[in-house]
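The values are calculated or read from the model by the stated rules, or taken from the named source; none is laboratory data. The shown structure was predicted, so the numbers you read here are calculated from the model rather than taken from an experiment. Here Cβ is always computed from backbone atoms with ideal geometry, including for glycine, and neighbour counts include all displayed protein chains. Just the protein is used for accessible areas: all its heavy atoms, side chains included, with ligands, DNA and RNA removed. Shrake-Rupley method; radii C 1.70, N 1.55, O 1.52, S 1.80 Å.
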Amino acid sequence: MAVMMQGFYWDCAVREDKRGEWWNFLATQIPALGKRGAGFDSIWLPPFSKASNPNSCGYDPYDYFDLGDFQQKGALKTSYGNRAELRRLISVIHRNGMGVIADMVINHNSGGDEEEVNPLDGIKRWTKFNPASGKFPRDWTCFHPSRYERFLLEGERYGGFAHLCHRNPHVYAGIFDYARMVIEDLDCDGFRFDFVKGFGAWVIGLLANYQYQKKDGREFTPFVVGEHWSSRQDIVTWLESVAAVTGGEVAAFDFPLRYKLKSLCDTQDFDLRELADGNTVSAAKPFHAVTFTENHDMGGNEVVNNKLLGYSFILAHAGYPCVFWWDYFHCGLARPGSPQGIDALIAAHHAHAGGDSSVLYADHDLYIAQRGGTGQQTGLIYVLNNSGSGWNGAKVKTCWVNQKLKPVAWDGNDEGRPNHRTTDKDGRAEFPAPPRGYCIYAPVSGK
């Protein structure tokens, strides 16, 4: 599997004094992140479109087709830049071997120009939109409550926004044109759908199944991941409902795993057996899970301590791991050239984290898992030690006989370096990790 970078955090452009220049700034960072750098395969960009205020992160869209080129809502550019700068950024990303995932906020709108009374319930709302782009103007008929759809989804009451009714043919067509612009004109490679609780699975089916055509004539199928912030069962049910209309090629963020990882990182008494209980999306549907330790929505519930424990887990296990910009650049976790950071974990992921996953040992303080390997990836042994009192390990039976394994990535509350390990004729060896730390061991070729 690949590794994704979330290329922003909440209010990033404002906090770094780059309002209107984030696209240009990102372009300078991409060479160090791409295939010839840290090894990221894709980058998730924040919402492109003009929002309701000039400092917005984009999750309150006003004009989907103004990418920073029309003077409206208090600014010319978006918080991130304009269309030309975005196109240049996407070109730089592609030249460095990475894909582009666009954030699609299609549940709700903000910044309406006039209030209107919805005759279905007599309530006045800001539902008159007259975008300067001239594309996808909206009035009360485009929003809930609607004659086109009688039932309410959870999203209809979210945040006080005006919520789009996707069964209105005008809305259906507007969102469809927006998606085509993202893939065919801007040349993005995938969608991250925000707050998918707010609209039916059929909407994802429409936008995922369309036969997009790139400018060179190639037909193209985008990567799709949805943000369904809920329990494992709810997310799996959503994935299955989407699979019924898409053929199954859709992923979801693994929120249940993220909360386990927060407990792991911030709680020394966390029971590591919870990581093996199967109550995660990646355990249920490993090829349909985007795993993460942190993201922009976790304000007030951030991981405070030992974030590398979380990153080591997602980069060694099944799923599509996503690294958060803030953690990588502002928490000093990249650590290029060292075996004790995210860069080393990405390298280990690409070279070794393939094949079936199995838990070889788990108790309160020690967890050992194996990836069996594929033709392109050797496999690995992952050891997680939650004890703060010293190195900890166990003798386990692996799938390798008389095989030397070397440590390729590790970190913890001890500066010592782990040693090579060699399995016996039955495939057994002891694998330790440092206190409140982890170690990844990989087979040595020809040994």
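Some observations on this one:
- Selection from region 59-98 of residues that are within 20 Å of the chain's Cα centre (by Cα) and either farther than 13 Å from GLY20 by Cβ or free of Cβ contacts under 8 Å to residues at least 24 places away in the same chain (or both): TYR59, ASP60, LEU89, ILE90, ILE93, HIS94, ASN96, GLY97, MET98
- Close Cβ contacts (under 9 Å, 6 or more residues apart or on different chains) running from residues in region 130-146 that are under 14 Å from TYR62 (Cα atoms) and of a type in the set (Phe, Trp, Tyr) to residues that are open to solvent by 50 Å² or more (accessible area, probe 1.4 Å) and modelled with pLDDT of 95 or more comprise PHE136/HIS170; PHE136/ASP177.
- Here ALA208 meets each of (1) open to solvent by 20 Å² or more (accessible area, probe 1.4 Å); (2) out of contact with any Lys or Arg (no Cβ under 7 Å at 6 or more places or on another chain); (3) of a type outside the set (S, T, N, Q) with one exception, condition (1).
- The one condition in (1) within 30 Å of GLY373 (Cβ to Cβ); (2) of a type in the set (Asp, Glu); (3) more than 20 Å from the chain's Cα centre (by Cα) that ASP41 fails to fulfil: (3)
- On the stretch given as region 344-356, residues that are touching a residue at least 40 places away in the same chain (Cβ under 8 Å) and either open to solvent by 30 Å² or more (accessible area, probe 1.4 Å) or under 13 Å from THR293 (Cα atoms) (or both) total 3.
- When the criteria are applied in full, ILE101 fails the requirement of being of a type in the set (A, V, I, L, M), in a loop (DSSP other than H, G, I, E, B), surrounded by 15 or more Cβ atoms within 10 Å (Cβ to Cβ) and within 20 Å of the chain's Cα centre (by Cα).
- Residues that are surrounded by 14 or more Cβ atoms within 10 Å (Cβ to Cβ) and over 19 Å from TYR59 (Cα atoms) within region 106-124 comprise GLU116, ASN118, listed in sequence order.
- Scanning region 126-138 turns up no residue that is touching a Leu at 6+ places or on another chain (Cβ under 7 Å), under 20 Å from ILE175 (Cβ atoms), open to solvent by less than 10 Å² (accessible area, probe 1.4 Å) and not basic (Lys, Arg).
- ARG273 satisfies every condition listed in (1) assigned to a loop (DSSP other than H, G, I, E, B); (2) closer than 30 Å to CYS439 by Cα; (3) over 19 Å from the mean Cα position of the chain (by Cα) except (1).
- Of all residues in region 104-136 being more than 21 Å from PRO54 (Cβ to Cβ) and polar (S, T, N, Q), the one that is farthest from the chain's Cα centre (by Cα): ASN118
- Restricted to region 238-256, and to residues there that are in a helix (DSSP H, G or I) and in contact with a His (Cβ under 9 Å, 6 or more places away or on another chain), the residue that is surrounded by the fewest Cβ atoms within 10 Å (Cβ to Cβ) is ALA243.
- Residue match in region 178-194 (condition: over 18 Å from PRO47 (Cα atoms) and open to solvent by 10 Å² or more (accessible area, probe 1.4 Å)): no
- Residue count for region 381-420, restricted to those that are touching a residue at least 60 places away in the same chain (Cβ under 8 Å) and either farther than 12 Å from PRO432 by Cβ or over 32 Å from the mean Cα position of the chain (by Cα) (or both): 6.
- Region 365-400: number of residues that are open to solvent by 40 Å² or more (accessible area, probe 1.4 Å), among the small types (Gly, Ala, Ser) and more than 19 Å from GLU274 (Cα to Cα): 2
- Residues of region 211-224 satisfying the condition of being at pLDDT 95 or above, in contact with a helix residue (DSSP H, G or I) (Cβ under 9 Å, 6 or more places away or on another chain) and not polar (S, T, N, Q): TYR212, LYS214, PHE220, PRO222, VAL224
- Residue within region 356-365 that is among the small types (Gly, Ala, Ser), at pLDDT 95 or above and assigned to a loop (DSSP other than H, G, I, E, B) present: no
- Among the residues of region 17-37, the one identified as crowded, with 21+ Cβ neighbours inside 10 Å and assigned to a loop (DSSP other than H, G, I, E, B) is GLY34.
- Tally of residues being touching a helix residue (DSSP H, G or I) at 6+ places or on another chain (Cβ under 9 Å) and either open to solvent by 30 Å² or more (accessible area, probe 1.4 Å) or assigned to a helix (DSSP H, G or I) (or both) across region 327-338: 8
- Near pairs, Cβ below 8 angstrom, 6+ apart or cross-chain, from region 194-217 (closer than 17 Å to PHE253 by Cα) to any residue that is in a helix (DSSP H, G or I) and open to solvent by 70 Å² or more (accessible area, probe 1.4 Å): LYS197/GLU154; GLY198/GLU154; ALA201/ALA244
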